[in-house]
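Read through the structure below, which is laid out as structure tokens, and then see the notes.
The values are calculated or read from the model by the stated rules, or taken from the named source; none is laboratory data. Every value quoted in this text rests on a predicted model; they were computed, and no experiment measured them. Here the Cβ positions follow ideal geometry from the backbone for every residue, glycine too, while neighbour counts run over all protein chains shown.
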Amino acid sequence: MATRDPSRGCVDDWAWRKGQSFGTILVDLERNEVVDLLPTRSAKVLGEWLAQHPEVKVVSRDRQGVYAEGVRAGAPRARQVADRFHLTLNLRQAVERELAARRSFLRFTPESTPAVPTGGGTETENKGRPISIQSSVQQQHAEVARLRRQQKLELFQAIQRMKSAGMKVSQIARHLGINRRRIDRWVGLDTLPERNRMEPRPGMVEWFRDYLQQRWAAGCRHGRTLLAEIRERGYVGAFSTLAEFLSPWRQLPAKTTTVSTEAAPLGETPTAPAPRQVSPQVSAALLSKFRTELTPAQAEIVDAFKQQCPGFAVMRKLVLNFRSLLCVGKLAALRRWMKRAQKTGIHALTRFVRTLQQDLRAVEAAVTEPWSNGPVEGHINRLKTLKRQMYGRAGVKLLRARLLPESRITGQCVHQS
């Protein structure tokens with residue numbers, strides 16, 4: 001027996017091959033179940049499917065123009081609803097592009113750089129101490145390394161005491177519950193050996209230390225620029241690895257022109273913290289958060305940028321107002337927001353308003369309607385799991401058979417026969 005077709009549906013894309021080819025998934029928002037899978041992402045295929053299902057009255061979608069065109073062609077009377085998450089995401093991306101043009105103002109100097117506690121005080125006391133964003137990651141890594149070294153030293157000393165007491169290697173291994181190979185290596189030593197450092201190989205970031213030092217001393221401090229330069233010379237790592245490598249250099253005083261190859265002693269902190277360059281991505285993310293969602297360190301950055309970065313305070317207020325009005329459900333608030341954004345003269349905001357006006361009916365429906373693309377994301381994750389289970393070799397018919405409810409598959413077979 002065929003199931004009733006949805007009157008309120010959601011459409012989104014899914015990847016056959018990431019970044020190359022895509023299909024389309026349709027979900028019944030009332031029953032939260034997959035309705036169908038389409039092999040391609042195109043307005044023609046979606047329009048043909050909707051033309052065969054005139055029961056659809058509401059279609060929730062992202063800002064993908066292909067799906068908007070397909071809905072207009074196949075179900076011209078259906079009400080389109082723009083997804084609220086994608087609207088907020090598009091606004092944040094617009095703000096990020098604007099902040100990228102004002103990168104020189106996105107520098108933050110913390111008021112203090114407290115050292116990581118090295119055992120003084122209780123765990124409860126240490127937990128509440130603020131740690132500077134500028135050096136927190138490096139300090140945490142150093143503290144973890146110190147603790148691991150201390151644990152190894154205690155284990156080494158325990159093995160030496162048991163050896164002096166006349167215990168055999170097998171007895172020590174059983175008593176401590178560790179592999180006897182480690183005991184064999186340590187039992188004949190007087191001191192705990194230092195960890196051997198891996199020699200840099202071609203393609204590793206350490207291989208380009210001399211070149212990076214020269215460029216850093218010459219004043220080039222932009223990570224992406226340095227990444228492009230060393231990739232031309234054979235670097236095969238990720239940007240995150242390079243950023244972690246450069247991070248200690250950014251903590252040196254601004255007047256320092258040379259970078260020491262020796263690591264700073266553990267626990268040593270600069271007396272005057274150097275300014276930290278905050279990326280446009282991070283700045284846009286902080287700009288888009290309400291005060292209650294910020295940590296004290298993040299709130300300090302936001303307050304600093306509101307004072308020193310032109311337009312940051314204005315953009316923050318408008319972004320937070322936009323997030324609020326999507327939950328309020330009043331069209332008058334949306335229209336007032338669009339007028340205020342246009343009057344700011346900020347290019348990113350005026351351009352974003354123009355895109356809203358091109359899809360105004362769907363944006364207004366996002367404010368007044370309860371539907372969104374949220375339910376489809378879970379089904380896409382389930383679809384990805386099924387694809388991986390079949391090593392990416394399954395066709396659309398097999399994926400449809402495994403993803404759709406049995407009643408709907410039976411109904412489609414009856415309809416086709």
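When both residues are 6+ apart or on different chains and their Cβ atoms are under 7 Å apart, which pairs have a first residue that lies in region 1-21 and is within 17 Å of Pro375 (Cβ to Cβ) and crowded, with 17+ Cβ neighbours inside 10 Å, and a second that is among the aromatic types (Phe, Trp, Tyr) and modelled with pLDDT of 85 or more?
Arg8/Trp371; Val11/Tyr67; Asp13/Phe22; Trp14/Phe22
Out of the residues in region 52-99 that are in contact with a helix residue (DSSP H, G or I) (Cβ under 7 Å, 6 or more places away or on another chain) and among the basic types (Lys, Arg), state the one that is modelled with the lowest pLDDT.
Arg63
Between a first residue in region 55-77 that is within 16 Å of Thr355 (Cα to Cα) and a second residue that is of a type in the set (Phe, Trp, Tyr), which pairs have beta carbons less than 6 Å apart while being 6 or more apart in sequence or on different chains?
Arg61/Tyr67
Sort out for me the strands (runs of 3 or more DSSP E) sitting completely within region 11-103 that have 1 or more residues that are closer than 30 Å to Thr344 by Cβ and touching a strand residue (DSSP E or B) at 6+ places or on another chain (Cβ under 9 Å).
The qualifying strands (runs of 3 or more DSSP E) are 58-61, 79-82.
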